[in-house]
Amino acid sequence: MPRNTTTGVYWAEAVQPLEAQPQARVVASFAEYLAEYVHGDAGRALEAMASLAEWCDGDAELLARARADVVRDMRERHQRIAENNQDAVARLEPANGVR
């Protein structure tokens with residue numbers, strides 16, 4: 001049975017902030033994909049930037065959130081790599097004296 005809310009907030013307006021975050025995540029993933037596609041090709045870089053700008057429809061806030069997601073992902077990846085390297089070094093230390 002449907003119920004009316006008395007909050008005075010329209011559903012579309014209330015859900016909008018919730019939808020914005022996944023959109024930023026998708027844009028961040030698309031940007032990461034494009035970075036792999038470009039990989040040093042200047043012609044592809046311009047094409048990728050144009051595609052990303054068109055896809056985001058010039059939404060500067062969405063682009064900023066997506067950029068923050070990419071930066072966070074990069075930091076997390078670097079942290080995992082550093083931890084793995086530290087583990088590898090620790091495992092190799094006993095082998096230093098063995099020849």
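A short reminder: the numbers here are calculations on the coordinates, not readings from a lab. Because the structure is a prediction, the values reported are computed rather than measured. Cβ placement follows ideal geometry from the backbone for every residue including glycine, while neighbour counts extend to all protein chains displayed.
Decide, for region 18-90, between rounded, prolate and oblate: order the square roots of the alpha carbon gyration tensor eigenvalues as a ≥ b ≥ c, take rounded if a/c falls under 1.5, and otherwise choose prolate if a/b is larger than b/c, else oblate.
Values: a/c = 3.85, a/b = 1.56, b/c = 2.47.
It is oblate, given that a/c is not under 1.5 and a/b is not larger than b/c.
Arranged from highest to lowest average of other beta-carbon atoms within 10 Å per residue, in what order do the peptides 66-72, 24-30, 47-53, 87-93 appear?
So the peptides 66-72, 24-30, 47-53, 87-93, ranked by packing, come out 24-30, 66-72, 47-53, 87-93.
Quick one: if the Förster radius is 30 Å, what FRET efficiency do ALA42 and ARG67 give, using the C-beta to C-beta distance and rounding to 0.05? Could you put the intermediate results ahead of the total?
On the way: r = 21 Å, r/R0 = 0.70.
So, using R0 = 30 Å, E works out to roughly 0.90.
Once you have the Cα-Cα distance between ASP59 and VAL26, take 0.36 nm times their residue separation minus that, and quote the gain in nm to one decimal.
Contour length minus the Cα-Cα distance gives 10.5 nm.
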